[in-house]
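Shown next, in structure tokens, is the structure this report addresses.
The values are calculated or read from the model by the stated rules, or taken from the named source; none is laboratory data. For clarity, every value in this text was computed on a predicted model and none was experimentally measured. Positions of Cβ are backbone-derived with ideal geometry, glycine not excepted, and every protein chain shown enters the neighbour counts. These accessible areas exclude ligands, DNA and RNA; they are computed on the full protein's heavy atoms, side chains included. Shrake-Rupley method; radii C 1.70, N 1.55, O 1.52, S 1.80 Å.
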There are 2 protein chains.
Amino acid sequence: MSIVCELCDASAGDILVSTDQLRVILVDDANYPGFCRVIWNAHVKEMTDLSDADRNVFMQAVWKVEAAIRAVMQPHKMNVASLGNMVPHLHWHLIPRYTDDAHFPNPIWAAVRSDAPDQSALDARRNLLPQLRQTIMSNFAS
Amino acid sequence: MSIVCELCDASAGDILVSTDQLRVILVDDANYPGFCRVIWNAHVKEMTDLSDADRNVFMQAVWKVEAAIRAVMQPHKMNVASLGNMVPHLHWHLIPRYTDDAHFPNPIWAAVRSDAPDQSALDARRNLLPQLRQTIMSNFAS
């Protein structure tokens, strides 16, 4: 029996876009509405394991998602990261950050601030998610 | 008097490679020998603010540095991130990660592990830095 990688299951998560090579997921994170992941379908560990052509396809997808998040969510700053220490299967985190969010100005993996954002600010951002879905799908259709 | 951005000072840090558009810095981090940054010289906030051509130049540099770090430092996993919450001037962090490092498997911005690596493991990695410098410079020369 082989070791199962959770990102090898291409049907998991809230999939906005799916191609032969990659998929875009809307992450369900209570503190970070608009957080998306771009996941390479094949089980590859590092960006420099990909061919130049595949790496370019992957990064073009990342920038399409970033553009959509910026257009709709209007973040203060974008955070973009490929870590994969726990799941060594290539995936990019795209996180819209706000000066009042739960960790700002620290990375979202640091300790939560004591003065976390109030629910109304989060709700306002969450209300943008239908528009974000539509914009990401449109960016891949063009 | 304008607000000073520390990354607009192109002479700061341990510069391994410098081009008209970007520079590569060896970061002085006691826990992470081999940690490098690729910094865009112009004060630009987000990757999607760059032209396609500039973004491609930037990412090609990132992958040259990743390739050198992997070849010399032999990490368990690469971490690659563009955050910039404190300094909104484009820069990529490239961090070689090891299962015994100070934060593994968490991101380096999380709380330090109680069972941090011993000094000899760090020293062995630190001894690779001259070779890393040479390899990064070679990757940009070719």
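For peptide B:71-80, the mean count of partner chain Cβ atoms within 10 Å of a residue's Cβ comes to 4. Element breakdown for the protein assembly as shown at a 1.4 angstrom probe: carbon and sulfur atoms account for 52% of the accessible area. Here the Karplus relation 6.51 cos²θ - 1.76 cosθ + 1.60, evaluated at θ = phi - 60°, turns the backbone of the stretch A:57-71 into coupling constants of 4, 4, 5, 4, 5, 4, 6, 5, 5, 4, 4, 5, 4, 4, 5 Hz, with x for every Gly and Pro. Test of understanding: express the Cα radius of gyration of the protein assembly as shown as a ratio to 2.2 N^0.38 Å, with N the residue count. Taking N as the residue count of the protein assembly as shown, the ratio is 1.00. Excluding ligands, DNA and RNA and using a 1.4 Å probe, chains B and A jointly bury around 3000 Å² of accessible surface, summed across both partners. Scalar couplings 3J(HN,Hα) for the stretch A:104-116, obtained by applying the Karplus form with A = 6.51, B = -1.76, C = 1.60 to θ = phi - 60°, are 4, x, 7, x, 5, 8, 7, 5, 5, 5, 6, 9, 5 Hz; x denotes Gly and Pro. Ranking B:V72, B:P88, B:N127 by Cα position along the charge dipole of the stretch B:72-142, where only Lys, Arg, Asp and Glu carry charges on their C-beta atoms, puts B:P88 farthest toward the positive end. Measuring with a 1.4 Å probe in the full set of protein chains, what accessible area per residue, in whole Å², belongs to chain B? Counting only protein heavy atoms, the per-residue value for chain B is 45 Å².
Roughly how many Å is it from the Cα centre of the stretch A:16-95 to that of the stretch B:34-49, as a whole number? Value for the Cα centre distance between the two parts: 18 Å.
Can you give the translational diffusion coefficient of the stretch A:6-141 in µm²/s, computed by Stokes-Einstein from the Kirkwood radius over Cα pairs at 4 °C and 1.567 mPa s? D = 84 µm²/s. Applying the Karplus relation 6.51 cos²θ - 1.76 cosθ + 1.60 with θ = phi - 60° to the stretch A:79-85 yields 3J(HN,Hα) values of 10, 10, 8, 10, 10, x, 5 Hz, where x marks Gly and Pro.
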